[in-house]
Amino acid sequence: MTAVSNVAEAVEANPASHLHPIPSWDVADHPLPTGREEVWRFTPLRRLRGLLEAEASGNTLEWTTQLPAGVSLAPISAERARELSVEAPIDRVSALAALNAGRGVQLDIPADTELSEPILLTGNGTGQAVAEHLVITVGPRAKATIVVRYTGSGTFADKTDISVGDGASLTFVAIADWDAGTTHGGHHAVLVGRDAQVRTVTASLGGDLIRLAENARFAGPGGSLEQFGVYFVDAGQHIEHRMFVDHNAPHTTSHVDYRGALQGQGAHSVWVGDVLIRKVAEGITTYETNKNLVLTDGCRADSVPNLEIETGEIEGAGHSSTTGRFDDEQLFYLRSRGIPEDEARRLVVHGFFADIIRRIGVPEVEARLMIAVEAELEVIVGGSAQAVSA
Amino acid sequence: MSELRISGLHVEVETETGPKEILKGVDLTVATGEVHAIMGPNGSGKSTLAYSIAGHPKYTITSGSVTLDGVELTAMSVDERARAGLFLAMQYPIEVPGVSVANFLRTARTALSGEAPKVRTWVKEVNVALEKVGLDGTFAARSLNEGFSGGEKKRHEVAQLELLSPKFAILDETDSGLDIDALRIVSEGVNRFTEAGDRGVLLITHYTRILNYIKPDFVHVFVDGHIVAEGGAELADRLEIEGYDRFVKAAKANA
């Protein structure tokens, strides 16, 4: 703990944000939502199925793992999981996830470990209600890439804590590759160490309903956080990402960029991007953006960026949100070169996602996501004789 | 020989106060082997002419026709016009993030020629064409027009003349915003395009500067939505000395 963040805590003992509930491990502190609360108003609560009133099922996901030498993955007690967590659950779903998991699982990357290969964890659901509390600890100065992929089906309550040590560098990728009919709700919390570099990638590709709260804050100055998201929302799907970056330390940076495509009757995306810049957080830079491409009628995209700024002594802060159909000027440019309309649309959608996917920096993940983009394109504009690549 | 013929072209745009006529009867024929310069003051409708011919949805043709070798272009979609042999080099080429120059060029070439270019020779062909306009090997991997400088955008437009090989090219103020070196490089690209004598060019410009590098066969003075004077290259020299004032005043007097 640095001198600066001690000051921050002394001055601001209580959460200063007006937009976020107080974290707690006690389920009773998170009453059953009515749907009128600001944080629940976009969510179809009935479709959250067991996630708000779940009892412990004793079931967990079936994990397949690929661990490089020096990295450990092991069950830990629920108490230990709480101690290692970045923050207590911020909603009822994640409080129940931690409670009903009954134990935690810790993925530990010791200090100064430099991994050349990604750590791969695949959690498969077999149709049941499952809960997991995954705690990832990255030691100081370690360098790693972690890819967590969710497959199969079920009702999944998710609490994931990622604590990144000082000077460490982490890329964390979570791909929700669920089968149809799956419900996935939860809370991912990231702590960025002093001078650490953290990049998270969240890809929500399948399932019936996904609702993730992704919170991040800093353990000291100098940390840098990039959060990229990609989502495809098809007919009847609800995909919700609620971001909160707490700039609680000076000279930190955050860059959030989430992009989605919606198509089909009842496709609904929600993106809420909150950034709090505390008084102590001088000299920070933050930019948040959300872009939604609405491909058919009958879709709904809610996009709400919020900035709470408590100091004027910052380098830069901004946000943007765009939701719309195809850009006529882009289509005109491409078509004026002879490219037929369907092909031009393919290129634009392809580019819309490639623009963010290429920044992930993990070739396997980039390839996997581009395949998902192609599959999505098959639905909208039909197959094409011509392969398109980035 | 091919021919691009514009006859009695009237075009309007939708404005807040209703439709507004921008082109008020344009007649112009460009044959392959010819370079026509269209010169006029700002707001005279030069760019509207370019975009209307290319089929931009913002412009509505109320009467008149544009034919390429007798085939009506105005009934075609934007991409059909391009496949018929028309090319528009834009003043402000549009950014398409995430689509690489290489991917764009290959897709366009495939659409125009009806078959994908051979990988082995195509990459080299692209690199050579880009090098000719002073763009290095990393350029093909960049996102289309994104973060390009003004000069890079224009050089890329001109490189497409060589790679996509249209019959007729409309160059909409391709010279604007270029420094003297870029102007020379871009002009040389246009001259390579026309040197075999089987292409037609409609060069739209505000300044006579580019005509020091590209010799027009015909110069048309464009004021208030139509052509008010025509001549050879010497007309451009006169404009350089006298400006557009005389024509603007005459147009007002006739209005």
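Any chance region A:140-154 includes a residue that's surrounded by 17 or more Cβ atoms within 10 Å (Cβ to Cβ), of a type in the set (Gly, Ala, Ser) and over 27 Å from A:Ile239 (Cβ atoms)? Yes, the conditions are met somewhere in region A:140-154.
The criterion of at least 2 residues that are among the polar types (S, T, N, Q) is met by the following helices (runs of 4 or more DSSP H) wholly inside region B:62-145: B:101-113, B:119-132.
The test for being touching a helix residue (DSSP H, G or I) at 6+ places or on another chain (Cβ under 8 Å) and touching a residue at least 12 places away in the same chain (Cβ under 8 Å) holds for B:Val228. If you filter region B:144-167 down to residues that are free of Cβ contacts under 8 Å to residues at least 60 places away in the same chain and crowded, with 23+ Cβ neighbours inside 10 Å, you find that the one that is nearest to the other protein chains (Cβ to nearest Cβ) is B:Leu144. Where helices (runs of 4 or more DSSP H) fall wholly inside region A:318-384, the ranges with 2 or more residues that are away from chain B (no Cβ under 14 Å) and among the hydrophobic types (A, V, I, L, M, F, W, C) are A:363-381. Please tell me if B:Pro117 is within 8 Å of another protein chain (Cβ to nearest Cβ) and touching a helix residue (DSSP H, G or I) at 6+ places or on another chain (Cβ under 8 Å). The answer is no for B:Pro117. What tally of residues in region A:277-325 results from selecting those that are of a type in the set (S, T, N, Q) and farther than 23 Å from A:Ile356 by Cα? Result for region A:277-325: 1. Scanning region B:122-138 turns up no residue that is of a type in the set (S, T, N, Q), free of Cβ contacts under 8 Å to residues at least 40 places away in the same chain and within 12 Å of chain A (Cβ to nearest Cβ). In region B:1-45, of all residues being in a strand (DSSP E or B) and out of contact with any strand residue (DSSP E or B) (no Cβ under 9 Å at 6 or more places or on another chain), the one that is surrounded by the most Cβ atoms within 10 Å (Cβ to Cβ) corresponds to B:Thr15. Residues of region A:254-308 that are closer than 24 Å to A:Pro221 by Cα, surrounded by fewer than 18 Cβ atoms within 10 Å (Cβ to Cβ) and touching a residue at least 60 places away in the same chain (Cβ under 8 Å): A:Lys279, A:Asn306, A:Glu308. Residues in region A:296-317 that are assigned to a loop (DSSP other than H, G, I, E, B) and either among the acidic types (Asp, Glu) or under 22 Å from B:Glu146 (Cβ atoms) (or both) were compared, and the one that is farthest from the other protein chains (Cβ to nearest Cβ) is A:Glu310.
Each reported figure results from applying straightforward, stated rules to the coordinates on display, with no laboratory input. Owing to the predicted nature of the structure, the values given are computational and were not obtained by experimental measurement. Here Cβ is always computed from backbone atoms with ideal geometry, including for glycine, and neighbour counts include all displayed protein chains.
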